Amino acid sequence: KELPPKFSILLIKALFDDEATVDPNYRITITLRNKNLIGGIRKILLEKLGFKDISQIFLKSEKDFSLTIRSKEIGKYAEKIGFNHPEKLRDLNSILESKKNSKGVRRKEGQTCKEIIKLLSINPKSTKELTFTIGVAKSNILTALKKLKKDGLVTIHNKKAQSIKYTI
């Protein structure tokens, strides 16, 4: 049977609160083992809730399937569905704010490096923290960190699993 839109929203919100990630590159991705479930989520997003810029289902690993809500739909996701999970809600609001403030304006050369140095002079931060705080794409942060490391201005503070904190 078909779920009413209100229940569809609640189902997606619960699944995304538990399983999705908010990407600093203005995306929300959910990864599940059940391809049929992720297909149903995609169908609800596209057909019931009117989302348009949703990825195809892709195989992320041997057993995991992913689906991505792309940057053009982040505002719609926040408005129609949102998060209850406090960290995901904070990250979503952060990328919405940075998107609103950037307005496609190109940053001045060296601006990202200067902001990273300023933030790291206060305390060590991860790539994700720098990305959300500065409000630029993760790739821009990684490029600036690479340059700063090469110039000897930034070092790795600690590395745990896939989380790396940087310091000056």
### Task
Can you bin the stretch 90-168 into rounded, prolate or oblate? Criterion: square roots of the alpha carbon gyration tensor eigenvalues sorted a ≥ b ≥ c, rounded for a/c under 1.5, prolate for a/b above b/c, oblate for the rest.
oblate
### Query
Mean separation of Cα pairs under 8 Å and 6+ residues apart, divided by the residue count of the chain: what relative contact order is that in percent?
20
### Task
Report the net charge of residues surrounding F65, where surrounding means a beta-carbon distance below 9 angstrom and charges are Lys +1, Arg +1, Asp -1, Glu -1.
+3
### Task
Provide the gained length on full extension for the span E2 to K72, in nm with one decimal, where the gain is 0.36 nm per separating residue minus the Cα-Cα distance.
22.5 nm
#### Entry: Cβ-based net charge around L49, under 9 Å, with every Lys or Arg adding one and every Asp or Glu removing one
+2
### Residues of the stretch 1-64: accessible area per residue with a 1.4 Å probe, Å²
62
### Accessible-area composition of the chain, carbon plus sulfur, in percent [1.4 Å probe]
52
### Query
About its Cα centre, how strong a charge dipole does the chain have in debye, to the nearest 20, once Lys and Arg get +1 and Asp and Glu get -1 at the Cβ?
440
### Message
Using Cα-Cα distances under 8 Å and only pairs 6 or more residues apart, what relative contact order does the stretch 3-93 have, in percent?
### Response
33
### Query
Put S94, S8 in order of accessible area, largest first, 1.4 Å probe: what do you get?
S94, S8
### Query
Taking H as built 1.01 Å from N, whose amide H comes closer than 5 Å to the amide H of S126, not counting residues under 5 places away?
Y166
### Query
Residue separation times 0.36 nm, minus the C-alpha to C-alpha distance between L59 and R107: what's the value?
13.8 nm
### Task
Determine the shape class of the stretch 1-83: with a ≥ b ≥ c the square roots of the Cα gyration tensor eigenvalues, call it rounded for a/c under 1.5, and otherwise prolate if a/b is greater than b/c, oblate otherwise.
oblate
### Message
Report the per residue volume, in Å³, of the convex hull enclosing the C-alpha atoms of the stretch 44-126.
### Response
172
### Query
Of all the Cα-Cα pairs you can form in the chain, what percent are over 20 Å apart?
57
### Query
Between their Cα atoms, which of K13/K118; K114/K149; K63/K159; K60/K88; K63/K100 are more than 25 Å away from each other?
K13/K118; K63/K159; K63/K100
### Query
Given the C-alpha centroids of the stretch 1-61 and the stretch 124-158, what is the distance between them in whole angstrom?
30
#### Entry: Accessible area of the stretch 69-161 divided out per residue, in Å², using a probe of 1.4 angstrom
65
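The values are calculated or read from the model by the stated rules, or taken from the named source; none is laboratory data. Quantities reported herein were computed from a predicted structural model and do not represent experimental measurements. A quick note on method: Cβ atoms are made from the backbone with ideal geometry, for glycine too, and the neighbour counts reach across all protein chains shown. Areas reflect the complete protein model, heavy atoms only, side chains present, ligands, DNA and RNA absent. Shrake-Rupley method; radii C 1.70, N 1.55, O 1.52, S 1.80 Å.
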